[in-house]
1. Go through the stretch 108-122 residue by residue and tally those that are assigned to a helix (DSSP H, G or I) and among the acidic types (Asp, Glu).
2. Out of the residues in the stretch 1-24 that are within 20 Å of GLU112 (Cβ to Cβ) and in a loop (DSSP other than H, G, I, E, B), state the one that is modelled with the highest pLDDT.
3. Hey, could you check the stretch 49-75 for residues that are closer than 18 Å to LEU107 by Cβ and basic (Lys, Arg) and say which is farthest from the chain's Cα centre (by Cα)?
4. Residue check: is LEU73 within 18 Å of ALA117 (Cα to Cα), modelled with pLDDT of 95 or more and either β-branched (Val, Ile, Thr) or not in a strand (DSSP E or B) (or both)?
5. Any residue in the stretch 37-54 that is at pLDDT 80 or above, of a type in the set (Phe, Trp, Tyr) and part of a loop (DSSP other than H, G, I, E, B)?
Amino acid sequence: MENEPSLLRWAVNYELRCCERYRRFMSVVYVSHEGRERFPDAFSDVLRSSDVLVKAHSSSALLMGETSKQGALRAVERFKSQCGDLINMKYAVASYPTDGRTADDLLSTVRERLAAAMNRENGVVVWSSTARQSNNATNTSI
């Protein structure tokens, strides 16, 4: 998502203030789903009511409040099992506070990770700039 919609930036800033005040985690997941405008419909059974989904043409962003990186990786595995091989999807994850403490830092990090994922196989999850990535996020050490 080249230029994040203002709703996403606002939501990330809001969630960051809550995280700082209450010492909580949050994660942002970017999902590339080239050519599939109906992609978010596939996630309807696995999204929580508190998650914020922002749709774009070939990618979407999911803001997951009170969710650590490990929790976000488990959610990505649920998304992958829900969608199967129907959609060519690639994932990127950035979490507060480990990957950034500002909206600009988090969104920049998750964009860079999605760009790295775009050159990889279908289903890849890029969640760290230095760690070995895999198609199975839950089996990758953080």
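The values are calculated or read from the model by the stated rules, or taken from the named source; none is laboratory data. In this text, all values refer to a predicted model and were calculated from it rather than measured experimentally. Cβ: placed from backbone, ideal geometry, glycine included. Neighbour counts: every protein chain shown.
1. Residues that pass the stated criteria total 1.
2. Once the filter is applied, the top-ranked residue is PRO5.
3. By that ranking, first place goes to LYS55.
4. So LEU73 fits the description; yes.
5. Looking through the stretch 37-54, none of the residues is at pLDDT 80 or above, of a type in the set (Phe, Trp, Tyr) and part of a loop (DSSP other than H, G, I, E, B).
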